[in-house]
Amino acid sequence: MPALLLLLTAALLAAGPASARPDGFVSDRDARRRALAYLDFATEEAARGSVLNAIAHMERDRIDRRYDPPTPPIDVADWAAPFDKLDHLRDTRDFDALYLLTALLGYEGHPYLTPALWERVRSSLLSFKTWYTDPTPPTPDPAQPERTWDDSYYWSENHQILYHAIEYLLGERFPDECFWIVGFERTKDCSGPGEMTGEAHQARARAFIERWMEERWEAGFTEWLSNVYYQKDLTPLLTLVEFSADAELATRAAILLDTLLIDVATHLYRGVFGATHGRSYMKDKYRGPEEDTWNLGQLLFEKRGAKGFTSVGDAGATLFARAQRYRLPEVIREAATDRGNSLARTRQSFFVDERGPIEKDPAHPEGHAFDDTEPNFTFWWGLGAQTLWQVVPLTVLNGDRYDLWSTSVLRPFQPLRDILGNPPDMGLAQDLAQGLWPAASAQLMREANTYTFRTPDYMLSTVQDWRKGANAAQVHAWQATLGPDALVFTTHPMNPVQPPSEWVGRDEGSPGYWTGTASMPRSAQHENVAIHIYSPLYADGGALGFFDWEALTHAYVPRDQFDEVVRRGKWTFLRKGKGYLALWSWRPTEWQDYSAEELELPANGPKVSFDLVAPGGADNVWVVELGRQKDYGNFTYFRIAMEGADVDVEARDTELGHQTFDVVYDSPSQGRLKLPWDGPFELNGRERALDGYPRVDNRWVTAERGDPVWEIKGKRSRVVLDWTAGTRTVTRR
């Protein structure tokens, strides 16, 4: 990569247009201090199997003259696990490939890695299968198959940009090299299956990246406010900023980094990304320091230094700590550290009506039809819409075309594919999908309107009226946050609690007992108050017996992390410092007791019963209201006020054998809130919108969907992001 191009790109990213003043950024001195704090922490340990930990050691060696990396150097055997994943086309290999690519582009030849390891990194990346349309090698040994299919997950938005960024930067770095696919024998003339030059890979990937970026600018992120997958969007975008010689592409990546980080900043409470999440897992949401975004938040926004870091091999913190070209605007840190009251609303992803009835020419977002093209297929699968009746023809055709029925995403539906025959009966396929939509569309991440209210003593966040009654694999509907470990939320479990628990990892299935939800509530929030109505739109067991759920809802209430816990009738009251929370359940509740050993709970998890169960049915109403010492005086007065509040629930039987509800709640702080199962949400007789929000709306920036310019304004600085012009201007006000 020509040095002059790198210097020019870096200058454009840092300063913006000639008229911009660079002092609207966080100071270089402060950024360096924070980076060193994380690198000091990360390099206290030599985690020889971690590529990210190796990057931390090499980066600290680059910037700290007093530091020498430990010996002996890392060798090929130390990284056997990531190489095995790449060699056998296993899921999440793109995560590992991005870190290997960062090591190669940033530190190639560094003596902390042996020459043999550097060569292995290079060959693994040159043989990296970069997209699902490329051929899959045959199984090396049919008697003992190591690879029976390509089980890489290419589809969600974070995986898409990861694969595209890797392909683009590899092509840019090695334009004249012949890339091959591991498992095929490499040819001498670059004519073998899937073989392409780096230049061809770069051109292909650029088109993918441009399309992905346009969709994110237009409608935000399908995995909205995810405390797992925002990190996986941030890191490939940052890698493009740091290493691409194309100033236009790098600047657009920096623009999207700003939009992601203002999302994080306006939804942080005491370091916790405590928002509703489009995707999350119990392992990430039972306490703030376990979030995949935690260390990055500590690095960019918090003041505690190494005391707040929790991982020596964290992707977000490591890659941002080594960043040289991306600079954080001061206004984004201001939004993260603000201690006043603030309201943040977002509207993200694209709308599609999964319910039906089936139509010949179904409605779709502009530019995103259901025709059999690669852009349409990737777009709809990126929304998790594989099993929607509108998308099923695309799914069946491409499942057959690319042998996707053996992969994890379609394997559960292989029996249904067999029913369709050859050629497939698409009418039958759509009928099946439409009939099963509440249960089978669990992966769908259609348009979401989110609402988050933050005060100095708590934060409450909800996705408003999103897919009520439908299965939602990894969606986190709402959360109240009063401290790093003091979190409360509810779910409808898909299965009984069982070992090994979902606290251990993300592979125990979702929805589960805590991860995701077997049915989404109809939710509505206004400032410090929210109502959540649960009523599944499908019967337990589903039409084919695939979709079981539990006849209960429950709340996560880590009692040992609160200063006071009091139960009175249907109310549970909690205090953390000067923040108060009241949780009401229509069905009577009880504490579910089980041992930590039985469920393999983590050592840093709750020590006393934390599962507040409302048995008797999956249909229930939960009401949550938060308060502050500033407003109520002591905790007793808050409890008295809440116990005197009327909650009127009208239940109606459904054809599925359970109930829906209309709720009227007389809130002591807000007045009368009315939320029916069908119909508008009202506050004191006036309708409150649950959808149609701006793309982003908070104290620092408001923009409608499709607006070409965002202006993020703080007390001392501002950022102007002009998507049409492709410019990012950061100035001091």
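The values are calculated or read from the model by the stated rules, or taken from the named source; none is laboratory data. What you are looking at is a predicted structure, and each value in this text was computed from that prediction instead of being measured. Glycine also receives a Cβ, built like all others from the backbone with ideal geometry; neighbour counts cover every protein chain displayed. Areas reflect the complete protein model, heavy atoms only, side chains present, ligands, DNA and RNA absent. Shrake-Rupley method; radii C 1.70, N 1.55, O 1.52, S 1.80 Å.
Can you say whether residue 351 is aromatic (Phe, Trp, Tyr), at negative phi and surrounded by 15 or more Cβ atoms within 10 Å (Cβ to Cβ), as far as the supplied structure shows?
On the way: aromatic (Phe, Trp, Tyr): yes; at negative phi: yes; surrounded by 15 or more Cβ atoms within 10 Å (Cβ to Cβ): no.
No.
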**Prompt:** Considering the range 325-342 alone, what residues qualify as being more than 17 Å from residue 260 (Cα to Cα) and surrounded by fewer than 16 Cβ atoms within 10 Å (Cβ to Cβ)?
**Reply:** 339, 340, 341
**Item:** Residues (open to solvent by less than 30 Å² (accessible area, probe 1.4 Å) and part of a helix (DSSP H, G or I)) located in the range 107-125
**Value:** 107, 117, 118, 121, 124, 125
**Asked** Does the range 209-231 contain at least one residue that is buried (at least 17 other Cβ atoms within 10 Å of the Cβ), under 30 Å from residue 691 (Cβ atoms) and among the basic types (Lys, Arg)?
**Response** yes
**Message:** Restricting to the range 330-376, count the residues that are assigned to a helix (DSSP H, G or I) and more than 23 Å from residue 214 (Cα to Cα).
**Reply:** 7
**Request:** Identify all residues within the range 59-78 that are in contact (Cβ under 8 Å) with a residue 40 or more places away in the chain and buried (at least 20 other Cβ atoms within 10 Å of the Cβ); write none if there are none.
**Result:** 59, 74
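Going by the structure shown, is residue 245 outside any helix (DSSP H, G or I), at pLDDT 95 or above, of a type in the set (A, V, I, L, M, F, W, C) and open to solvent by less than 20 Å² (accessible area, probe 1.4 Å)?
Yes.
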**Prompt:** Given the conditions (1) surrounded by fewer than 24 Cβ atoms within 10 Å (Cβ to Cβ); (2) aliphatic (A, V, I, L, M); (3) in contact with a strand residue (DSSP E or B) (Cβ under 8 Å, 6 or more places away or on another chain), which single one is not true for residue 275?
**Reply:** (1)
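Looking at the range 191-199, can you tell me whether even one residue there is farther than 30 Å from residue 703 by Cα, open to solvent by less than 10 Å² (accessible area, probe 1.4 Å) and not hydroxyl-bearing (Ser, Thr, Tyr)?
Residues of the range 191-199 farther than 30 Å from residue 703 by Cα: 191-199.
Applying the additional criterion that residues be open to solvent by less than 10 Å² (accessible area, probe 1.4 Å) yields 198.
When the remaining residues are screened for being not hydroxyl-bearing (Ser, Thr, Tyr), the result is 198.
There is at least one residue in the range 191-199 that is farther than 30 Å from residue 703 by Cα, open to solvent by less than 10 Å² (accessible area, probe 1.4 Å) and not hydroxyl-bearing (Ser, Thr, Tyr).
Restricting to the range 278-290, count the residues that are within 25 Å of residue 36 (Cβ to Cβ) and open to solvent by 10 Å² or more (accessible area, probe 1.4 Å).
Going through the range 278-290, the residues within 25 Å of residue 36 (Cβ to Cβ) turn out to be 288-290.
If we keep only those that are open to solvent by 10 Å² or more (accessible area, probe 1.4 Å) too, we end up with 289-290.
Summing the residues that are within 25 Å of residue 36 (Cβ to Cβ) and open to solvent by 10 Å² or more (accessible area, probe 1.4 Å) in the range 278-290 gives 2.
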**Message:** Among the numbered criteria (1) farther than 29 Å from residue 249 by Cβ; (2) out of contact with any Pro (no Cβ under 9 Å at 6 or more places or on another chain); (3) modelled with pLDDT of 95 or more, which one does residue 341 miss?
**Reply:** (2)
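The rows are residues; the columns are (1) more than 13 Å from residue 471 (Cβ to Cβ); (2) surrounded by fewer than 22 Cβ atoms within 10 Å (Cβ to Cβ); (3) of a type outside the set (S, T, N, Q).
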position	(1), (2), (3)
520	no, no, yes
540	no, yes, yes
555	yes, yes, yes
563	yes, yes, yes
**Request:** Determine if the range 387-397 includes at least one residue that is modelled with pLDDT under 95 and either more than 30 Å from residue 30 (Cα to Cα) or out of contact with any strand residue (DSSP E or B) (no Cβ under 6 Å at 6 or more places or on another chain) (or both).
**Result:** yes
**Prompt:** Which ones in the range 580-599 are surrounded by 14 or more Cβ atoms within 10 Å (Cβ to Cβ), at pLDDT below 95 and not aromatic (Phe, Trp, Tyr)?
**Reply:** 592, 596, 599
**Complete:** Counted residues in the range 581-606 being in a loop (DSSP other than H, G, I, E, B) and either within 30 Å of the chain's Cα centre (by Cα) or not basic (Lys, Arg) (or both) come to 13
**Message:** I'm trying to understand the selection: among the residues of the range 401-426, which are modelled with pLDDT under 95 and acidic (Asp, Glu)?
**Reply:** 403, 418
**Asked** Is one or more of the residues making up the range 189-198 assigned to a helix (DSSP H, G or I) and β-branched (Val, Ile, Thr)?
**Response** no
**Item:** Pairs where the first residue, in the range 377-390, is farther than 13 Å from residue 441 by Cβ and the second is open to solvent by less than 10 Å² (accessible area, probe 1.4 Å) and assigned to a helix (DSSP H, G or I), C-beta under 7 Å, 6+ apart
**Value:** 377/394; 377/398; 382/157
**Request:** Kindly list, by first and then second residue, each pair from a residue in the range 283-300 that is on the phi > 0 side of the Ramachandran plot to a residue that is open to solvent by 10 Å² or more (accessible area, probe 1.4 Å) and acidic (Asp, Glu), limited to pairs with Cβ atoms under 6 Å and residues at least 6 apart or on different chains.
**Result:** none
**Prompt:** Can you find even one residue in the range 307-314 that is touching a residue at least 24 places away in the same chain (Cβ under 8 Å), buried (at least 24 other Cβ atoms within 10 Å of the Cβ) and in contact with a Lys or Arg (Cβ under 8 Å, 6 or more places away or on another chain)?
**Reply:** no
**Item:** strands (runs of 3 or more DSSP E) wholly inside the range 607-708 containing at least 3 residues that are open to solvent by 50 Å² or more (accessible area, probe 1.4 Å) and out of contact with any His (no Cβ under 7 Å at 6 or more places or on another chain)
**Value:** 647-653
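Among the candidates 403, 485, single out the residue that is buried (at least 20 other Cβ atoms within 10 Å of the Cβ) and farther than 29 Å from residue 677 by Cβ. Talk me through it step by step, then tell me what you get.
Working: 403 fails: buried (at least 20 other Cβ atoms within 10 Å of the Cβ).
The conditions single out 485.
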**Request:** Spot the failing condition for residue 81; the list is (1) in a loop (DSSP other than H, G, I, E, B); (2) open to solvent by 50 Å² or more (accessible area, probe 1.4 Å); (3) among the small types (Gly, Ala, Ser); (4) within 28 Å of residue 473 (Cβ to Cβ), and only one is missed.
**Result:** (1)
**Prompt:** If you take the residues in the range 709-724 that are farther than 18 Å from residue 344 by Cα and assigned to a loop (DSSP other than H, G, I, E, B), which one is nearest to the chain's Cα centre (by Cα)?
**Reply:** 723
**Complete:** Only unsatisfied item for residue 372, checking (1) buried (at least 17 other Cβ atoms within 10 Å of the Cβ); (2) touching a Leu at 6+ places or on another chain (Cβ under 7 Å), is (1)
